[in-house]
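The values are calculated or read from the model by the stated rules, or taken from the named source; none is laboratory data. Just so it is clear, the model here is predicted, and its values are computed rather than measured. Positions of Cβ are generated from backbone atoms using ideal geometry, with glycine treated the same way; all protein chains shown enter the neighbour counts. The accessibility values were calculated without ligands, DNA or RNA, using every heavy atom of the protein model including side chains. Shrake-Rupley method; radii C 1.70, N 1.55, O 1.52, S 1.80 Å.
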Amino acid sequence: MNTLGTFDNFFRPASVAIVGASPQRGNSRNTLVRVLLKHGYAGRVYPVSPSHAEIEGLKAFAAIDKLPETPDVALVITPAPTVPGIIAECGARGIRNAIVYSSGFEEIESGKEHARELKAAAKQHNCSVLGANCQGVWSVQQKTMLSFGSASLSLESVRHAPIAIISQSGALAGAMGNYLQSNGMGCAYIVSVGNETCLDALDVLAWVVEQEDVRTVALYVEGLADARRILPIAERARARNVQIVALKSGRSALGQQATASHTGKIASSHVVYQDVLQQAGVIPVDTLAQALAALEALTFLAPPRASNDTHGGVSVFGTSGGAGALLADHSTEFGVPLAAFSTDTAAKLEHILPEFARKANPVDLTGQINSSPNLFKDTCLALHADPRTEAIVVQFASSGRRGLEENAAVFQATARDLPMIASFAGEVMTSETTNALREAGVMCCADPAATMRALSLLYTRQRMQALPKLPERPLLPLRAAPRDWAETMQFAETSGLTPVKWIVLRPGDHAATACAGMVYPLVVKVLPDVAAHKSELGLVKLRVASAQAVDAYAADFRQRLGRPDMGVLIQEMVDEGVEVVLSCLRQTDFGPVIAIGSGGVAVELYRDVAHLALPVSAAQVLAALRKLKLWVLLQGYRGKPAADVEALAHAAVRFGDLFLACPELLEFEINPLIVRPRGCGLAAIDALVTRAHTAGGPNADTN
């Protein structure tokens, strides 16, 4: 089904049927009618009720097949057991779009069968169904408010702005819509997707990002089905200069499965979502307040002006040295660059400002603003003219309202080609002033931290616009998963993760002969299928200097584990390089993902790991690595040589492709993987593999 086409009828219907409408004020079945009429819907409205002839002044019809025309959308608000039959009636009447508000479906155990029947009816009758258990949609420009929510009823009017809200929570959708309208920002679309019985949040998102009246989208999700679909949708959004912001609940939720690997233990659902959303170019936020603030900044502020100068950044001036210092602190906290003024600008400021004023960034105008009223204007114009200025902040300490109003014209003119923020120290402007300035591209922030957070969002969006595109290449042919250490190392070798030289010392073998071709000192340890975490159990011995010691440790391991027939792994030592963990996990909402980050025994302690949905490109891997603390080590730290990052990126791509080609694999972790100096490649030290049974269940055996 082409959902993009069908969604037009949800938001731009010429006619609407309300099935289950009621004349009784105060209930949802009546509120649905009143909201639609209150906000000036210009189309035709057909209440459907077998027991009433008129509802809210509109002629009611006894059944769907009695309607005078086929409406573009049916709003269904009847008891859950009746809904599948009503959808079948809609299909028979030719209605191809329906919103089901009724509860009593997936959210309760006894409603699961109703949900199954609803889904089957929608599929059989080619009807696109939003819901069930939702609060509907707002389409502000079309004055199509298909909702019974209290926010849509209480608002006297609605204001249009290029903002969309898509939410898996109906109450939060209404609350965000109410905030946007009450605070003078407005919105274009609000969608409560409810249980997502048929259509889901990503179906809606794919439609929303194509709309000409959308610049930003806020997405509230608890979880996504086939979440990887967001990657191409977000890529399309970036191409259209639409920014998506996502608030995901469930930060404390554990991963979907018990796992033996290090990266599996730290790959909670929330962590994977945060990382893959950023891979997609979606900005994740942690709170509802952050989501709403992000919508304001990303919708109404201009993008940072391109300076193409390493000294470029934000220019700050104001009336408080203390508040300016706070802004500088928060710029560091949020990664916002401050501009270093050019020589010409420095000379202008020497002329404009009193001798005792601070003329470096951030500029302190001092109390002279009371006797020199042009200080605000002249300083703002001087900073705007500096080619290194990418955004401007004016910081007020007191009497901010007067200073803002007196200089509003110059601030508004400045905002035409770069972000302009008026920052305050606790003072709150009137809604009329705030709204007028916002419309002109000037944002008012009541706190220096909020100011720099807003600017950080603009720079984040700028970086995300330059993200690499999704890889397009054929999948590798399917292959069997590795069954033992030799096959595991062959998998690594094929990926470009060269295994360190190794042998398995069998009972009866002697190291003097078996290890004759190896370079001492050696590592002696048990194989992963014997113990997943060998170091914690004392089953790894490093820097073993002689064949006799190798034999002794091997014998000790066999005795301690009661495994006299056990093979013991012997490897050469690798000293030079950076320890990395590289792991693939299959069972996430995004499907298979690859994790890469700081490796070794402390991977769970540092948690310096990034996750990417597979398949990936080398450019995506490098972009993920640059966000990690590990990147500093890879570049060469304290005299160490730079690591072979290019080899790591290309091997990660190949490793991920091979993992995709082995559907039996649930997890495959290489840890540590030593990234040797540039040009010297990689060395795979240890590996842990978890397979699925042929029947589909997890296999506890690891290699």
| query | Using alpha carbon centroids, what distance separates segment 442-490 and segment 82-140, in Å? | reply | 36 Å
| task | Take every Cα pair under 8 Å in segment 287-407 that's 6+ residues apart, average their separations, divide by the length, and report that relative contact order as a whole percent. | result | 37 percent
| query | Counting only residues 5 or more places away or on other chains, whose amide H sits under 5 Å from the amide H of CYS198 once H atoms are built in the peptide plane? | reply | GLY131, ALA132
| field | Estimated translational D of segment 23-75 in µm²/s (Stokes, Kirkwood radius over Cα pairs; 25 °C; 0.890 mPa s) | value | 211 µm²/s
| task | Just add up the charged neighbours of GLU390: K/R +1, D/E -1, any other residue whose Cβ is under 11 Å from the Cβ of GLU390. | result | -1
| Shape metrics for segment 412-456, restricted to C-alpha atoms - Rg then Dmax, Å | 10.2, 28
| Rounded if a/c is under 1.5, else prolate if a/b is larger than b/c, else oblate: which is segment 473-603, with a ≥ b ≥ c the root eigenvalues of its Cα gyration tensor? | prolate
| said: If I ignore ligands, DNA and RNA and count only protein heavy atoms, how much of HIS114 is accessible to a 1.4 Å probe, in Å² to the nearest 10? | reply: 40 Å²
| field | Zone residues, segment 647-672, relative to LYS627, backbone N less than 16 Å from point 7 Å out along Cα-to-Cβ | value | none
| query | Looking at the square roots a ≥ b ≥ c of the eigenvalues of the Cα gyration tensor of segment 302-461, which shape do they give, rounded for a/c under 1.5, prolate if a/b is larger than b/c, or oblate? | reply | rounded
| note | For segment 204-256, the Cα-Cα pair-distance distribution in 5 Å bins from 0, as whole percents, is 5, 17, 29, 22, 13, 8, 4, 1
| Which stretch or stretches of segment 162-196 have amide N atoms under 20 Å from the point lying 7 Å from LEU153's Cα along the Cα→Cβ direction? | 169-182, 190-194
| request: Rank these by accessible area, largest first, 1.4 Å probe: SER28, SER269. | output: SER28, SER269
| query | Where q = 0.18 Å⁻¹, what log10 of I(q)/I(0) comes from the Debye formula for segment 1-114, counting one point per Cα? | reply | -0.93
| Can you work out D for the chain in µm² s⁻¹ from Stokes-Einstein, where Rh is the Kirkwood radius over C-alpha pairs, the temperature is 10 °C and the viscosity is 1.306 mPa s? | 55 µm²/s
| said: Run the numbers for LEU537 and HIS510: contour at 0.36 nm per residue of separation, minus the present Cα-Cα distance, in nm. | reply: 7.3 nm
| request: Please report, in debye to the nearest 20, how large the charge dipole of the chain is about its Cα centre when each Lys and Arg carries +1 at its beta carbon and each Asp and Glu carries -1 there. | output: 400 debye
| Modelled label-to-label distance, ARG563 and SER431, 7 Å Cα→beta-carbon offset: nm? | 7.0 nm
| field | Packing-based order for 422-429, 577-584, using average beta carbon neighbours within 10 Å, highest first | value | 577-584, 422-429
| request: May I ask you to rank THR144, THR434, THR343 by accessible area, largest first, using a 1.4 Å probe over the protein chains only? | output: THR343, THR434, THR144
| Heavy-atom surface of the chain, accessible at 1.4 Å and reported per residue (Å²) | 41 Å²
| remark: Note on the chain: contact order normalised by length, alpha-carbon pairs under 8 Å, 6 or more apart, percent, works out to 9 percent
| note | Taking 171-178, 637-644 and ranking on average Cβ neighbours within 10 Å, highest first, one gets 171-178, 637-644
| message | Heavy atoms of the protein only, probe of 1.4 Å, neighbouring chains included. What is the accessible area of THR430 in Å², nearest 10? | response | 50 Å²
| query | Can you give the angle from 0 to 90° between the axis of helix 321-333 and the longest principal axis of the chain, with both taken from C-alpha atoms, to the nearest 10? | reply | 50 degrees
| message | Please list, in order along segment 625-637, the HN-Hα scalar couplings obtained from phi with the Karplus expression 6.51 cos²θ - 1.76 cosθ + 1.60 (θ = phi - 60°), rounded to whole Hz, x for Gly and Pro. | response | 4, 5, 7, 9, 5, 3, 4, 4, 5, 5, 7, x, 10
| message | How large a share of the accessible area of the chain, in percent, is made up of carbon and sulfur atoms when the probe is 1.4 Å and the other protein chains stay in place? | response | 51 percent
| remark: Bounding extents of segment 399-545 in its principal axis frame from Cα atoms, largest first in Å, are 91, 40, 25
| Farthest toward the dipole's positive end in the chain, which of ALA651, CYS515, HIS330, given Cβ charges of +1 (Lys, Arg) and -1 (Asp, Glu) about the Cα centre? | ALA651
| field | Dipole magnitude of segment 560-640 about its Cα centre (Cβ charges: Lys, Arg +1; Asp, Glu -1), debye to nearest 20 | value | 260 debye
| note | If every Lys and Arg gets +1 and every Asp and Glu gets -1 at its Cβ, then about the Cα centre segment 32-125 yields a dipole, in debye to the nearest 20, of 240 debye
| Cα pair distances of segment 268-311 binned at 5 Å [whole percent] | 5, 17, 16, 20, 18, 14, 8, 2
| said: Over segment 120-176, what is the relative contact order in percent, taking alpha-carbon pairs closer than 8 angstrom and at least six residues apart? | reply: 28 percent
| request: May I ask for the angle, rounded to the nearest 10°, between helix 343-352 and the longest principal axis of the chain, with both axes built from Cα atoms and the value confined to 0 to 90°? | output: 40 degrees
| query | THR310 versus ALA449, label points 7 Å from Cα toward the beta carbon: distance in nm? | reply | 3.3 nm
| field | P(r) weight above 20 Å for segment 572-703, C-alpha pairs, percent | value | 43 percent
| task | Under 1.5 on a/c is rounded, so check that first for segment 148-221, then, if it is not, pick prolate when a/b is larger than b/c and oblate when it is not; a ≥ b ≥ c are the square roots of the alpha carbon gyration tensor eigenvalues. | result | oblate
| Going by accessible area, probe 1.4 Å, with all protein chains left in place, what is the ranking of PHE341, PHE396, PHE356, largest first? | PHE356, PHE341, PHE396
| message | At 1.4 Å probe size, what's the solvent-accessible area of MET489? Round to the nearest 10 Å². | response | 10 Å²
